[in-house]
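The values are calculated or read from the model by the stated rules, or taken from the named source; none is laboratory data. Predicted model, so just to flag it, every value in this text is computed and none were measured. When we count neighbours, we look across all protein chains shown, and the Cβ atoms used for this are built from the backbone with ideal geometry, even at glycine.
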Amino acid sequence: FSEEKRYFDDAAKQVIQFTEHLRDEENGLYNHAYFHNQNLLNGAFWGRANGWVMMAQVELLSFLPESHPERKKLLKIFQDYVRSVAMFQDGTGLWHQLLNKDDSFLESSCTAMFTYSIAKGVNEGWIDPAFSQVAWKGWEGLYTNITEDAQVKDICVGTHVEMNLPFYYNRPISVNDTHGLASTLLAGVEIHRMGEKYPEKVNPREF
């Protein structure tokens, strides 16, 4: 880990630029891909791609100095994004493989990523504590996809970019695919922290 300003500047620039190029103005979600030479978006709001986006924002905010000139802008990007993602949470607490498509399957890795990121945002005071309910509901949904012997199911396998939505609809799901394990652990840690910080807002059933 380096505290050199140039690295913070570069990381901030990347978050701002992929927000400018990938984020949809209407739904607030991020497209999976942008082809610069064609000025073309692929139109797929893939869950895990959006999960990576949110986690990247959270990790940057975790280390970015309070005095950094782009911190306020980055914090606003994160706050707006959390509000957008929260609007697409399924009633189960999980999020869909294609976030804006209710007929796509409910997927574990993006749910873990959003749950971790939103709980972290609450714990750090970056977003309103009311979002603790979104994070908690996400954990409840994710918990249903963890078996009694601690296997995590319904994780989308590794996925490249395509220009057709059926590709995303039909991606295989796996048990314990590595794309979903670390984020599940991170989500559990932040939910536990949130329960300690805001006990009145979190159902302590699992803790």
Tell me whether segment 4-20 contains one or more residues that are in a loop (DSSP other than H, G, I, E, B), modelled with pLDDT of 95 or more and surrounded by fewer than 13 Cβ atoms within 10 Å (Cβ to Cβ).
no
Given the condition free of Cβ contacts under 8 Å to residues at least 60 places away in the same chain, of a type in the set (Val, Ile, Thr) and under 25 Å from Asn31 (Cβ atoms), answer yes or no: does some residue in segment 140-148 qualify?
no
Report, by residue number, each residue of segment 64-88 that is in a loop (DSSP other than H, G, I, E, B) and either out of contact with any helix residue (DSSP H, G or I) (no Cβ under 9 Å at 6 or more places or on another chain) or crowded, with 20+ Cβ neighbours inside 10 Å (or both).
Glu66, Ser67, Met87, Phe88
For segment 120-176, give me each residue that is assigned to a loop (DSSP other than H, G, I, E, B), acidic (Asp, Glu) and surrounded by 14 or more Cβ atoms within 10 Å (Cβ to Cβ).
Asp154, Glu162
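Let's see how each residue does on (1) assigned to a loop (DSSP other than H, G, I, E, B); (2) in contact (Cβ under 8 Å) with a residue 60 or more places away in the chain:
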residue	(1), (2)
Gly43	yes, yes
Trp52	no, yes
Ala56	no, no
Ser62	no, yes
Asp90	yes, no
